[in-house]
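Everything below concerns the one structure shown next.
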Amino acid sequence: MTNTLLDIAGVWKAFEGNSVLRGLDLSVTRHEAVVLIGASGSGKSTLLRCINGLETVDAGSILLAGDLDVSAFKTDMDAVRRRIGIVFQSYNLFPHMTVLDNVTLSPRKVLKRSAADSKEQAMALLERFGLAGKASDYPDRLSGGQAQRVAIVRALAMEPELMLFDEITSALDPLLVGEVLDTVRDLKAGGLTLIMATHEMGFAREVADQVCFLDAGVVLEKGTPEAVFGSPQEAKTQEFLARILK
Amino acid sequence: MSGWPVPRRRTSRSNVTLVTSATTAPGAPEVYFDPVRQAYRRKRARRDALVGMASLLGFVLVVGFAISRTSGWPLVQETFFNGSEFIATFPGLLDAFLLNVRIFLIAEPLILIIGLLVALARDLRSPLLLPLRVVATLYVDIFRGVPTILVIFLLGFGVPALQLQGVPNNTVFWGTAALVLSYGAYVAEVFRAGIGSVHSSQRMAARSLGLTSLQTSRYVVLPQAVRNVIPPLLNDFISLQKDTALVSVLGPIELLRQAQIDASSTFNYTAYVGAALIFIALTIPMTRFADWVQARMRKRRSMAGTA
Ligand SMILES: Nc1ncnc2c1ncn2[C@@H]1O[C@H](COP(=O)(O)OP(=O)(O)O)[C@@H](O)[C@H]1O
Ligand SMILES: [Mg+2]
C-alpha cells in the first residue's frame, strides 16, 4: 500500500465556460495537513468540492486511497462522501435538530448504526471537544465558534479518512477563531489527514506539512511552510503574501 | 439631575425586584428592574389599556346610535336580526353545520397528503419518473385555474350523470372530492414554496455527510419546509372551513343550505345571519391560532438571527 491518500491529476473544472481549475495536480500523503492559500476566487472551494464529489470534474482524475476514483462516471458519490468529510464556512447545522441529532443523523442513516451506539460515539466526540453540555441544545443557541465545532464533530462522526475544511473560520468573530483552530490542531495531532483552505497564515505556518498556493486554476507553488512563506519563488506568491501579511 | 435613582446591585428586599435563574450564582440578580421605572411602566400600561377601552366603547356607541336612528333600521332589524326567528332556526342550523364539520375533517387530511405528494412529484429529477412530474404539473395547472365551484358542479353533477357501475353518486362524496382536488393543488404549491425556502446549503451539507438524495429530503429538507409553511397552511384551513358551504349547490343539507331553506320559507334572512355567526365562531379561533403560531415563529427566527 502506498502512502498516498489522495492523488489529483490534471483536473479541469469550468462554470459556464469559465475555467476555474486548469489541469490542477495535487498529491496528499496519509496524516498530512495540506493548506490551500490563494486569492479569493482562485478555486480553493471549487477544488475541495470536487474532491468530495459535490461538483463533477470536466477532465482529470481524483483518486482516493488508490482505489476509489472520485472523478469516474460510475462512482457512487455517496460512497465517496462517506469517506471524505467536509466543513464549510457557514456551519450549515440542521436547525430543526438538537446538536446530538445533528451529529448522529448520518451515522444512523448512512452507516446504519444503532441509536445507542451512535449516541455513545457522538457524546464521546462532543466531550472531547468540550461540547457535551450542548448536546440537547438547538443550533440557534450556539455561538459561532461552538456551531462550527459541532459541524466538525458532525463530520468526524462519520470517521472520514480525509477531512476538508473550507475557510471554516472566515465567518467567525475574531475572538472565536482560536477555539475552532484549536480543534483542527487537535485533529492534526491525532493523525487525521486534512486539506484546509484558509486565510489564517499564522495557523497555516504552524500546522501545515504542505502549503499550496493556488493561482489561475493550478497549484502555482507548493512546499513546506518554511519554503513557501520564507522564500517564495514565484512573483505572484510573493505578491499575494505581501498583500495578506502586511 | 433629579430622576431615576442610580441602580444599586443589592438594596433592601422591599423595593428591588430580583429575578434569579438556575444558571446564575444563587443570589446574583440576572434581571434588575429599577423599581421606580417599573412602577411608571406599569402605570402607563394600565392607562393605555383604559384609554383604549374607553375609546372603543365610545366608537361603538356612536356608530350604534347612528345606525339605530336611520329610518330603515326597524325594517333591517326585523329582516336580519329577528329574535324569535333566530331562536326558531338556530338549533337546526347547528345541526346542519355538523355536515360541514364532517366534510372539513375528511377533506383536510386528504388535502395535506395530496398536496405533499404532488409537491414532491413536481420536483422529481429522475428521467424515468418524468411522467409523474408531468401529471403533477398538469394537475396543479388545471385545478388552480378552475374555480372551486365549477369543479364541484363538474364532479357533483357530471360524474353521477354517467351512471357508472360501482361509482358512488352521493353528492357529499363528490362535493368533498372536488374540494380535495381544488385545495390539493393550492396546498401542493404551498409545500413546494416551503421546500424552496430551505437553503440549498442545507441539502449540500446533508449530501456531504453521505446521506442519499431521498434521505436528505426526508430528514433535512421536508421537516424544515413543513415548519416554514405552517402559517400559510393554517390560512388555507380557514378558507376551507368556509368553502365547505360551496357543497350546498349540490343539494345536501349543510349549514348554508339549511339557512336557505329557513329563509325562503319565511322571507326572513335571520337564518343567514345565524349561519354567518356559526362560520365566524369557528374561523376566529383558527385565525387567532394562526396569528399566534406566526408570531411565535417570527420570534424564534429573530432569536436565531442573533445567535
Ligand atoms: N457554482 C458556481 N457557478 C458559477 N461559478 C462558480 C460556481 N462556484 C464557483 N464559481 C466561480 O469559480 C471561481 C472560483 O471560486 P471558488 O472556488 O469559490 O474560489 P475561492 O474558494 O478560492 O475563493 C469564482 O470566480 C466563482 O465565481
Ligand atoms: Mg472559497
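Any idea which residue in region B:155-176 is surrounded by the fewest Cβ atoms within 10 Å (Cβ to Cβ), counting only those that are over 22 Å from the mean Cα position of the chain (by Cα) and touching a residue at least 40 places away in the same chain (Cβ under 8 Å)?
Filtering region B:155-176 down to residues over 22 Å from the mean Cα position of the chain (by Cα) leaves B:155-174.
Retained after the next criterion (residues that are touching a residue at least 40 places away in the same chain (Cβ under 8 Å)): B:156-157, B:171-172, B:174.
Working: B:156: 26, B:157: 14, B:171: 19, B:172: 19, B:174: 24.
Looking at residues that are over 22 Å from the mean Cα position of the chain (by Cα) and touching a residue at least 40 places away in the same chain (Cβ under 8 Å), I get B:157.
Hey, could you check region B:177-201 for residues that are free of Cβ contacts under 8 Å to residues at least 24 places away in the same chain and of a type in the set (Ser, Thr, Tyr) and say which is most open to solvent (accessible area, probe 1.4 Å)?
Looking at residues that are free of Cβ contacts under 8 Å to residues at least 24 places away in the same chain and of a type in the set (Ser, Thr, Tyr), I get B:200.
Please go through region A:155-168 and give me each residue that is farther than 18 Å from residue A:110 by Cα and either crowded, with 22+ Cβ neighbours inside 10 Å or in contact with a helix residue (DSSP H, G or I) (Cβ under 7 Å, 6 or more places away or on another chain) (or both), ordered by number.
A:164, A:165, A:166, A:168
Of the residues in region A:17-70, how many are of a type in the set (S, T, N, Q) and within 13 Å of ligand 2 (Cβ to nearest atom)?
If we filter region A:17-70 for residues that are of a type in the set (S, T, N, Q), which is where we start, we get A:18-19, A:27, A:29, A:40, A:42, A:45-46, A:52, A:56, A:61.
Of the ones still in play, those that are also within 13 Å of ligand 2 (Cβ to nearest atom) are A:40, A:42, A:45-46.
Number of matching residues: 4.
Criterion first (within 12 Å of chain B (Cβ to nearest Cβ), touching a helix residue (DSSP H, G or I) at 6+ places or on another chain (Cβ under 7 Å) and within 30 Å of residue A:20 (Cα to Cα)) does residue A:214 satisfy it?
In short, no.
So which of B:60, B:101 ends up being aliphatic (A, V, I, L, M) and outside the structural domain of residue B:270 (by TED's automatic domain parsing)? Please lay out each step first, then the result.
On the way: B:101 fails: outside the structural domain of residue B:270 (by TED's automatic domain parsing).
Result: B:60 is the single residue among B:60, B:101 that is aliphatic (A, V, I, L, M) and outside the structural domain of residue B:270 (by TED's automatic domain parsing).
Residues checked against (1) in contact (Cβ under 8 Å) with a residue 24 or more places away in the chain; (2) assigned to a helix (DSSP H, G or I); (3) open to solvent by less than 10 Å² (accessible area, probe 1.4 Å); (4) not β-branched (Val, Ile, Thr):
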{"position": "A:121", "(1), (2), (3), (4)": "yes, yes, no, yes"}
{"position": "A:126", "(1), (2), (3), (4)": "yes, yes, yes, yes"}
{"position": "A:170", "(1), (2), (3), (4)": "yes, no, no, yes"}
{"position": "A:181", "(1), (2), (3), (4)": "no, yes, no, yes"}
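Just to be sure I understand, how many residues within region B:131-148 are open to solvent by 60 Å² or more (accessible area, probe 1.4 Å) and in contact with a helix residue (DSSP H, G or I) (Cβ under 7 Å, 6 or more places away or on another chain)?
Within region B:131-148, residues that are open to solvent by 60 Å² or more (accessible area, probe 1.4 Å) and in contact with a helix residue (DSSP H, G or I) (Cβ under 7 Å, 6 or more places away or on another chain) number 3.
Would you check if residue A:152 is open to solvent by less than 40 Å² (accessible area, probe 1.4 Å) and either assigned to a helix (DSSP H, G or I) or closer than 27 Å to residue B:215 by Cα (or both)? Break it down stepwise before answering.
On the way: open to solvent by less than 40 Å² (accessible area, probe 1.4 Å): yes; either assigned to a helix (DSSP H, G or I) or closer than 27 Å to residue B:215 by Cα (or both): yes.
Judged against the criteria, residue A:152 is a match.
Tally up the residues in region A:66-88 that are under 21 Å from residue A:125 (Cα atoms) and more than 8 Å from every other protein chain (Cβ to nearest Cβ), please. Walk me through it before giving the result.
Of the residues in region A:66-88, the ones under 21 Å from residue A:125 (Cα atoms) are A:81-88.
Restricting the remaining residues to those that are more than 8 Å from every other protein chain (Cβ to nearest Cβ) gives A:83-84, A:87.
So the count comes out to 3.
Do we have residue B:224 as within 14 Å of chain A (Cβ to nearest Cβ), open to solvent by less than 40 Å² (accessible area, probe 1.4 Å), modelled with pLDDT of 95 or more and in contact with a helix residue (DSSP H, G or I) (Cβ under 8 Å, 6 or more places away or on another chain) here?
It is false that residue B:224 is within 14 Å of chain A (Cβ to nearest Cβ), open to solvent by less than 40 Å² (accessible area, probe 1.4 Å), modelled with pLDDT of 95 or more and in contact with a helix residue (DSSP H, G or I) (Cβ under 8 Å, 6 or more places away or on another chain).
Taking the conditions exactly as written (more than 14 Å from chain B (Cβ to nearest Cβ) and either at pLDDT below 95 or open to solvent by 30 Å² or more (accessible area, probe 1.4 Å) (or both)), does residue A:144 satisfy them or not?
No; evaluated as a whole, the condition is false for this residue.
Given the criterion crowded, with 20+ Cβ neighbours inside 10 Å, more than 14 Å from chain B (Cβ to nearest Cβ) and either within 16 Å of ligand 1 (Cβ to nearest atom) or not small (Gly, Ala, Ser) (or both), identify the matching residue among A:93, A:6, A:63, A:48.
A:6
The values are calculated or read from the model by the stated rules, or taken from the named source; none is laboratory data. All figures in this text were calculated on a predicted structure; none of them were measured in a lab. Virtual Cβ from ideal backbone geometry, glycine too; neighbours counted across all protein chains shown. These accessible areas exclude ligands, DNA and RNA; they are computed on the full protein's heavy atoms, side chains included. Shrake-Rupley method; radii C 1.70, N 1.55, O 1.52, S 1.80 Å.
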